[in-house]
1. Output the residues belonging to region 22-34 that are surrounded by 20 or more Cβ atoms within 10 Å (Cβ to Cβ) and either over 19 Å from the mean Cα position of the chain (by Cα) or β-branched (V, I, T) (or both).
2. State whether one or more residues within region 136-144 are within 16 Å of the ligand (Cβ to nearest atom), in a loop (DSSP other than H, G, I, E, B) and of a type outside the set (S, T, Y).
3. Do we find that R19 is touching a residue at least 60 places away in the same chain (Cβ under 8 Å) and either part of a strand (DSSP E or B) or open to solvent by 60 Å² or more (accessible area, probe 1.4 Å) (or both) in this structure?
4. Can you pull out the residues in region 222-247 that are surrounded by fewer than 23 Cβ atoms within 10 Å (Cβ to Cβ) and touching a residue at least 40 places away in the same chain (Cβ under 8 Å)?
5. Being touching a Pro at 6+ places or on another chain (Cβ under 8 Å) and either β-branched (V, I, T) or farther than 19 Å from T263 by Cα (or both) narrows it down to one residue among I142, I183, I151, I166; which is it?
6. From V222, V255, grab the single residue that is hydrophobic (A, V, I, L, M, F, W, C) and within 14 Å of the ligand (Cβ to nearest atom).
7. Scan region 111-135 for residues that are open to solvent by 40 Å² or more (accessible area, probe 1.4 Å), closer than 30 Å to D72 by Cβ and assigned to a helix (DSSP H, G or I) and report the count.
8. Only one residue in L74, L94, L108, L54 is surrounded by 19 or more Cβ atoms within 10 Å (Cβ to Cβ) and outside any strand (DSSP E or B), so which one is that?
Amino acid sequence: MTIILDGRETAKKITEKLRLEVEKLDVKPTLAVIIIGCNPASKVYVKNKEKKALEIGFNSIVIELDENITKDELEKIIKELNEDKNVNGILLQLPLPKHLNEKDFLDLIDPKKDVDGFSSYNSGKLLKNDSPYAIPCTPKGIIRLLDEYNIDIEGRVSTVIGRSNIVGKPVSILLLNRNSTVIMTHTKTKNLEHFTKSADILICAAGKKEMIKKEMIKENAVIIDVGITRDIDGRLKGDVDFDNTKDKASYITPVPGGIGPMTIAMLMENTYELYKIQKGIK
Ligand code: NAD
């Protein structure tokens, strides 16, 4: 029987636990989010992050900046947030406008305030399996969901579709750090099906609507669908043809209600963990 991995419920448990811990604090953790321009998807993501932060009892700062902001102006804002003792987590909402180089600004964020874990410092620590201050939220959420359902990782073959810095690469490293045998695939991979069929755990993060069909997966595979695409009727779709594939899987995440809520929960957890590091709380 297939088990649907309930990201929404798992995320709720995590954020409720955080809420109870935050309730006991005199000084609340503060998450600052910088959003540049008016990308509608980014606006929705930022709104959801703010809503969840406030629900938990965090302070939330959203800094909305004009599309044409200069490099110097953005640098100044990040440096001020780094210096501000009341700010515990800084998130720079991606993508940035074309004239701004993502890497420059991600590396400007103090690694101890880098809630997304995208700085070179934290990525390097992750690569070395050496306690980064924060681990990227979506990959961390994937592993947490597998753990929540007691799904074995060690010794199993995991195939990851996608090699982005946000999802594909960090989740591959996390799986490797948990002793999985990891296969990374991408747009230049030849015969993708060969690798998807080899997977005990298949992580789909391509952003290509329903590209994974039933015949592409192994019997009883664990399927994690990270992809989000909006259908013409406005409904969200994943990378996996869920309806036709689910019965062949042992576990599978839905879209929506799978990795999306886990990502936000991990952002909240990262904010609280960074707060504790900054305050010297164990
Ligand atoms: P991206 O566009 O940066 O990377 C996509 C990757 O998929 C690339 O490495 C590319 O090589 C690979 N790819 C694309 N088409 C492929 C194909 N046909 N075969 C093999 N590989 C292919 O995207 P991203 O930021 O990594 O996000 C991936 C998807 O996950 C998107 O749909 C995004 O919206 C979604 N996402 C969801 C969450 C969440 O919280 N649920 C978080 C982050 C990203």
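The values are calculated or read from the model by the stated rules, or taken from the named source; none is laboratory data. Predicted model, so just to flag it, every value in this text is computed and none were measured. For neighbour counting, all protein chains shown are included, and Cβ atoms are generated from backbone atoms with ideal geometry for every residue, glycine included. Just the protein is used for accessible areas: all its heavy atoms, side chains included, with ligands, DNA and RNA removed. Shrake-Rupley method; radii C 1.70, N 1.55, O 1.52, S 1.80 Å.
1. Our first condition is that a residue be surrounded by 20 or more Cβ atoms within 10 Å (Cβ to Cβ); within region 22-34, this holds for 29-34.
Within region 22-34, P29, T30, V33, I34 meet the criteria.
2. Yes - at least one qualifying residue is present in region 136-144.
3. Values: touching a residue at least 60 places away in the same chain (Cβ under 8 Å): no; either part of a strand (DSSP E or B) or open to solvent by 60 Å² or more (accessible area, probe 1.4 Å) (or both): yes.
Spelling it out, it is not the case that R19 is touching a residue at least 60 places away in the same chain (Cβ under 8 Å) and either part of a strand (DSSP E or B) or open to solvent by 60 Å² or more (accessible area, probe 1.4 Å) (or both).
4. K246, D247
5. Answer to the check: I166.
6. Working: V222 fails: within 14 Å of the ligand (Cβ to nearest atom).
Being hydrophobic (A, V, I, L, M, F, W, C) and within 14 Å of the ligand (Cβ to nearest atom) holds for just one of V222, V255, which is V255.
7. Selection size over region 111-135: 4.
8. Result of the check over L74, L94, L108, L54: L74.
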